[in-house]
Amino acid sequence: MPIERFEKVFIWISLLLLEVFFVAVLVAAFFGGIQLPAPGGLVDPEQLANTPPFDQPGVRQVGDGQYEVVMIAQTWQFIPGEIRVPVGSTVTFRITSRDVLHGFLIPNTNANVMLVPGQVSEVTTRFDKPGEYRIICHEYCGIGHQTMFARIFVEPTASETQARAQEE
Amino acid sequence: MHAQQFRPHDRFVLWQLYIALAAVFLGVIMGFFQALERMNIDLFKVFGFASYYQGLTLHGVLNVLVFTTAFIGAFLTYVTMRSLGRPMASYRLTALQFVLMMLGVVLAGWKMLDNSSTVLFTFYPPLQAHPLFYVGLVFVVLSSWVTFLNIALTVRAWQRDHPGETVPLQAFLSLVVYLMWFIASLGVASEVLVLLIPWSLGWVERTDPQLARTLFWFTGHAIVYFWLLPAYISWYTMLPKQVGSKLLSDPLTRLVFLMFLLFSVPVGFHHQFVDPGVPVMWKTIHAALTYAVFFPSMITFFSVIASLEMAGRARGGQGLFGWILKLPWNDPSVTAQLLAGIGFMFGGISGLINASYNLNQVVHNTSFVPGHFHLTVGTGVFLSYLGISYWLIPALTGRKLWQPRLGVVSSWLWLIGVSIFSRGQIAGGLEGMPRRTWMAAATYVLDAWRIPNMMTAVGGTLMFLGAMSFFTVLLGTLFLSRERVTVTMPVADIITPPEAASPIFTRQLGLWVAVLVVLIMITYGPYMISYFSNPAFVARGLRVW
Ligand code: HEM
Ligand SMILES: [Cu+2]
Ligand SMILES: [Cu+2]
């Protein structure tokens, strides 16, 4: 097909650019440590009370600086609604919904996942700065959607607290 | 002679256009309320709506399900007849497409207005709407299938009368658009017909929300190309004529549309990057393929700009950008489409971020997303459709456009407004501001969202004023314009004719469809098969609004 010369150049540049993006995706996916949420298994949303680990929502330490948080989302709250972990922890959230779709977003982190009844969502993030974080439901889940959130308190370690106290 | 034969079809085209414009009129008012709500001004309550979410459901459904589908059906029916120089193959189908659209809008509209179906335009189960809401949406889709059938029959009839000739460009493109849409819509059609309607009627107790999402997004990405491509038909084949230029290449235009046919569908998982029920491998495959659909848009960018530049220079424009000023900016139809293109360009850039694998994790379901798509569908598509209406309404009614100056102003107001609006929404999204949220009542508002919310409200108000200027021109044309005119569809002359290329780009549609089917089988098949070995029909319907 006859194509005008400038257009041909432009087409090649476009192709090259897309190739770069394409490769970037693959590199990010396989070498960059970028990890999208993977399926965390199936669960019956009506049987959460007798399905481990959702029969006991809460925070567990699973290793040095490693925590697991088991959470249930339901209209319009997260259970538990408050979590405390020390600064520098790597936290894996295992979450599912008891009723409708919900969302799970911690602003200023990479924690962003959908909560779909029947599916377990898993997301891991690291908290390097102390302070209060919020988990916000970011999928419409009914009339109370805008009130659905939970708090994460990332606490300074004992030595840091001491250091700060001495400064003051 | 033709005009006489077209008239009965045109009547339905015009009425369907009125449905489209009435839908977006109400939709835009809802948008304005949503924007003001971010400054704690609650007009939903003042006007008796049950909640912010009822308004948001109307906004999404009316703007992107009804307005778009109804407009495209009307516009491409009109285009097909002019392009082929013959009326549609079946008058009954033209009538049926209108009747189905009307029924669909009435049913879905009624069920949204009585607050029984406040499920937003994505209607994700287990939120359960009234059965008639789903039935209404089915009618809207059925109407689009009838349009598809009618266009296909008309093209076939033309081919029978012109053996061995190449189907004229605009009719060919219209057919490709509907071919793509028909295949894409099978996802949402099966979701609604097989999963949701029986479930909302209580015939089955539980449904599978993850499966429903996958079927929805099978259609949900391609649908944006269904909205965009009619605007591209105008940019490629009409706008050059309107500015006094030519279309560079007929076969390249066909190729661009055929690429959209191939790549619009098999990328749906990029809306589900953070879904729990989709393995990472499939997300990666769709992520990589997503970049393929940027390619035809980039060619479009070049071709359209080149053709505009030719016009600007022919009118005495100088320098690298001087030609832009020489374009006929006093023509409201041209201005709307040029500004649509500018908005769309920025939308495309934010789309690259959105689609990119890792950044999506930051912005998914934040207000970044509405910030992005008010530039693409909300401006690239919406303003183009308004631009088309500026000649199509006079063409169909024979009335001269009333106050074209106000028409020019309307597009500028919109572009300025949407720039502020989207800047606000995008900035808020990067700070974790969730979308689809009744912000005035939210219990967790962060300080960083204050200014973004203000920009949303200010920009949204300007957009509203722009849209209302359009509707003023429209109503003025219908009720105050006394002058009669004969307006015909602009058709650009072509520099490189179709005969210059191999017939694979101009005729062998079947082959392209076959490749598409194979692509879909590769990108969805194995996932679907493994999903069905262990589905999760666990969710009862809930009404929580
Ligand atoms: C005055 C004009 C408009 C304003 C002020 C406006 C405002 C808004 C706002 C603030 C939202 C976000 C709501 C939220 O996430 O809570 C939104 C959502 C949306 N808008 Fe608009 N909009 C306008 C016109 C349009 C047009 C013309 C279209 C398409 C043709 C459109 C399509 C959408 C869609 C699809 C959504 C998503 C709805 C959902 O999340 O369910 N809007 N709009
Ligand atoms: Cu929620
Ligand atoms: Cu929610």
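Spatial offset of the range A:37-96 relative to the range B:231-302 amounts to 40 Å, using the alpha carbon center of each. Based on alpha-carbon centroids, what's the gap between the range B:416-483 and the range B:1-47 in Å, whole number please? Computed from Cα coordinates, the inter-centre distance equals 17 Å. Annotation: amide H of A:Ile135 within the under-5 Å range of A:Ala150, A:Arg151, A:Ile152, sequence separation 5 or more or interchain, hydrogens built in the peptide plane.
Projecting the Cα positions of A:Gly63, A:Gly118, A:Leu105 onto the charge dipole of the range A:38-161 (unit charges on Cβ atoms of Lys, Arg, Asp and Glu, taken about the Cα centre) puts A:Leu105 furthest along the positive direction. Considering only A:Ala111, A:Ala24, A:Ala38, the mean-square fluctuation computed in a Gaussian network model of chain A, springs between alpha carbons under 10 angstrom, is largest for A:Ala24. Let me check I've understood the local charge: for B:Val491, count other residues with C-beta under 13 angstrom from its C-beta, Lys and Arg +1, Asp and Glu -1. What total comes out? Summing Lys/Arg as +1 and Asp/Glu as -1 gives +1. Per-residue mean of foreign Cβ neighbours for B:286-297 is 4 (Cβ atoms of other chains, 10 Å radius).
A loss of 50 Å² or more of accessible area (1.4 Å probe, protein heavy atoms, ligands and nucleic acids excluded) relative to the isolated chain is seen in these residues of the range B:29-69: B:Tyr53. Taking amide H atoms as placed 1.01 Å from N in the peptide plane, the amide H of B:Asp331 has no partner under 5 Å among residues 5 or more positions away or on other chains.
For the pair B and A, how large is the buried accessible area, both sides, in square angstrom to the nearest 100, if the probe is 1.4 Å? Let's see the in-between values first.
Numbers: alone 21630 and 10950 Å², together 26980 Å².
Using a 1.4 Å probe on protein heavy atoms, the buried area is about 5600 Å².
Converting phi to 3J(HN,Hα) with the Karplus coefficients 6.51, -1.76 and 1.60 and the offset θ = phi - 60°, the range B:71-77 yields 4, 4, x, 5, 4, 6, 5 Hz in sequence order, with x at every glycine or proline. Helix A:158-167 and the long axis of chain A differ in direction by around 90°, with both axes built from C-alpha atoms.
With Cβ to Cβ distances under 15 Å as the rule, what net charge do the other residues near B:Thr57 carry (K, R +1; D, E -1)?
Net charge in that neighbourhood comes out at +1.
Computing Rg and the Kirkwood Rh from the Cα coordinates of the range B:84-124 gives a ratio, Rg/Rh, of 1.25. Out of every Cα-Cα pair in the protein assembly as shown, what percent are more than 51 Å apart? Distances greater than 51 Å cover 12 percent of the Cα pairs. Burial here means at least 50 square angstrom less accessible surface with every protein chain in place than with the chain by itself, probed at 1.4 Å; in the range A:88-126 the buried residues are A:Val100, A:Leu101, A:Asn112, A:Met114, A:Val116, A:Gln119. Can you grab the distance from the C-alpha centre of the range B:121-179 to the C-alpha centre of the range B:50-109, Å, no decimals? Measuring centre to centre over Cα atoms gives 10 Å. Normalising the average separation of contacting C-alpha pairs (under 8 angstrom, six or more residues apart) by the number of residues puts the relative contact order of the range B:1-220 at 22 percent.
What the range A:38-161 shows is 37 Å² of accessible area per residue, with the surface traced by a 1.4 Å probe over protein heavy atoms. When a 1.4 Å probe is rolled over the protein heavy atoms, the share of accessible surface on the protein assembly as shown that falls to carbon and sulfur comes to 65 percent.
Sequence-ordered 3J(HN,Hα) estimates for the range B:488-505 from the Karplus curve with 6.51, -1.76 and 1.60 and θ = phi - 60° stand at 10, 5, x, 10, 6, 5, 10, 7, 9, x, x, 5, 6, 10, 5, x, 4, 8 Hz, glycine and proline given as x. For A:Phe78, the residues whose modelled amide H falls within less than 5 Å of its own, excluding neighbours fewer than 5 places apart on the same chain, are A:Phe149. The peptide list B:437-444, A:53-60, put in order of mean Cβ contacts within 10 Å with the highest first, becomes B:437-444, A:53-60.
Note: relative contact order over chain B, using C-alpha pairs below 8 Å and six or more positions apart, is 18 percent. Note that the range B:265-278 has calculated 3J(HN,Hα) couplings of 7, x, 10, x, 5, 6, 8, 10, 3, 10, 6, x, x, 10 Hz, one per residue in order, obtained from phi through the Karplus relation 6.51 cos²θ - 1.76 cosθ + 1.60 (θ = phi - 60°); glycine and proline are x. For chain B, the alpha carbon convex hull comes to 149 Å³ per residue, rounded to a whole number.
Label-to-label distance for A:Phe6 and B:Gln4 is 4.8 nm, based on points extended 7 Å past Cα in the beta-carbon direction. Counting alpha carbon pairs within less than 8 Å and at least 6 residues apart, what relative contact order, in whole percent, applies to the range B:29-127? Reported relative contact order: 34 percent. Kirkwood radius and radius of gyration were both taken over the C-alpha atoms of the range B:1-220, and their ratio Rg/Rh is 1.04. Under 15 Å from the Cβ of A:Leu48, count the other residues' Cβ atoms, weight Lys and Arg +1, Asp and Glu -1, and hand me the total. That sum, taken over residues with Cβ under 15 Å, equals -1. Seen against the Cα atoms of chain A and their longest principal axis, helix A:5-30 is set at about 30 degrees.
Per-residue ellipticity at 222 nm computed for chain B from its helices equals -22500 deg cm²/dmol, with DSSP H segments shorter than 4 residues left out and the rest contributing -39,500 (n - 2.57). Compared with the rule-of-thumb size 2.2 N^0.38 Å for a compact globular protein, the range A:38-161 has a Cα radius of gyration ratio of 1.02.
About the centre of its Cα atoms, the protein assembly as shown shows a dipole size close to 2160 debye [charges on the beta carbon of Lys, Arg (+1) and Asp, Glu (-1) only; nearest 20 debye].
The values are calculated or read from the model by the stated rules, or taken from the named source; none is laboratory data. All values derive from a computational prediction rather than experimental measurement. Every residue, glycine as well, gets a Cβ built from its backbone with ideal geometry; the counts of neighbours run over all protein chains shown. The area values use the complete protein model at the heavy-atom level, side chains included, leaving out ligands, DNA and RNA. Shrake-Rupley method; radii C 1.70, N 1.55, O 1.52, S 1.80 Å.
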